[in-house]
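Quick notes on the structure that follows.
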Amino acid sequence: RGWSTGDHRRIVVLPDGPYLVYGGVPLRRKRKIVSAENDALTWKTGETLATEDTYALCRCGHSSSKPFCDGTHAVIGFDGTENAITRPYKELQHVHDGVGISAQRVGELCIHAAFCIGRTRPIAKMLDDTGDSDMRSNIMGRIDHCPSGSYSYALERGGDTIEPDLPQAVSVLEEEDGLASALWVTGGIPVLRADGRPLETR
């Protein structure tokens, strides 16, 4: 209950309920842009949705006013038990080295946004050609556009992780077929689980 006061930005998961977003965090839509060959290219930021300083986002998937919660979770008996892995990213990551870049991946975080797959092969294979600076740039851009945080990169193994400087916001993602896919939290906004434990902020 202590998290229900104050105006600093954070997201709190309610037991068997919605995500409560505090502090006037901007909420907007983002649509995935793909090539003619269905290669994921970038995101187009769309409209900013009107919100109060504190608002609730649907977690049960059955709200009639998505992305906002309308209380349906209580009617249907939604079981919101969290099962996400809470071990630190560094303990879970698999490291793939290239020339001038070291890519780390935690597969459990993947939401299949497909930025890690080039036209013909995945990042893990693209790293073989990172002697070419254009290929390194391509990989870095793909990782920067991945909303899941599954991939990260450094310039060398064990080096500091390089991340894009993204604004504090929650984005409702839309796939190329028009279906909503996920909520993308950016800008280092802290997220607390229903049991009060903080998720790793990256």
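Couple of notes before you dig in:
- Verdict on Leu49 being in contact with a strand residue (DSSP E or B) (Cβ under 6 Å, 6 or more places away or on another chain) and either surrounded by fewer than 17 Cβ atoms within 10 Å (Cβ to Cβ) or among the charged types (D, E, K, R) (or both): yes
- One residue from Ile143, Ile123 being buried (at least 16 other Cβ atoms within 10 Å of the Cβ) and over 15 Å from the mean Cα position of the chain (by Cα): Ile123
- Within the range 1-108, strands (runs of 3 or more DSSP E) holding 1 or more residues that are of a type in the set (D, E, K, R): 10-13, 27-34, 40-49, 94-97, 102-105
- Hey, Glu82 within 19 Å of the chain's Cα centre (by Cα), without any contact (Cβ under 8 Å) to a residue 24 or more places away in the chain and exposed (fewer than 14 other Cβ atoms within 10 Å of the Cβ) or not: no
- Members of the range 150-168 that are among the small types (Gly, Ala, Ser), crowded, with 18+ Cβ neighbours inside 10 Å and either at pLDDT below 90 or over 21 Å from Glu82 (Cβ atoms) (or both): Ser152
- Among (1) in contact with a strand residue (DSSP E or B) (Cβ under 6 Å, 6 or more places away or on another chain); (2) touching a residue at least 60 places away in the same chain (Cβ under 8 Å) - the single one Pro167 does not satisfy: (1)
- The number of residues in the range 91-108 being open to solvent by 60 Å² or more (accessible area, probe 1.4 Å) and either touching a residue at least 60 places away in the same chain (Cβ under 8 Å) or over 20 Å from Leu41 (Cα atoms) (or both) comes to 6.
- Some residue of the range 176-183 being out of contact with any helix residue (DSSP H, G or I) (no Cβ under 8 Å at 6 or more places or on another chain), of a type outside the set (Gly, Ala, Ser), closer than 27 Å to Tyr22 by Cβ and at pLDDT 95 or above: yes
The values are calculated or read from the model by the stated rules, or taken from the named source; none is laboratory data. All values derive from a computational prediction rather than experimental measurement. Methodologically, a virtual Cβ is constructed for each residue, glycine included, from the backbone with ideal geometry; neighbour enumeration extends over all protein chains shown. Keep in mind that these areas ignore ligands, DNA and RNA; they rest on the heavy atoms of the full protein, side chains included. Shrake-Rupley method; radii C 1.70, N 1.55, O 1.52, S 1.80 Å.
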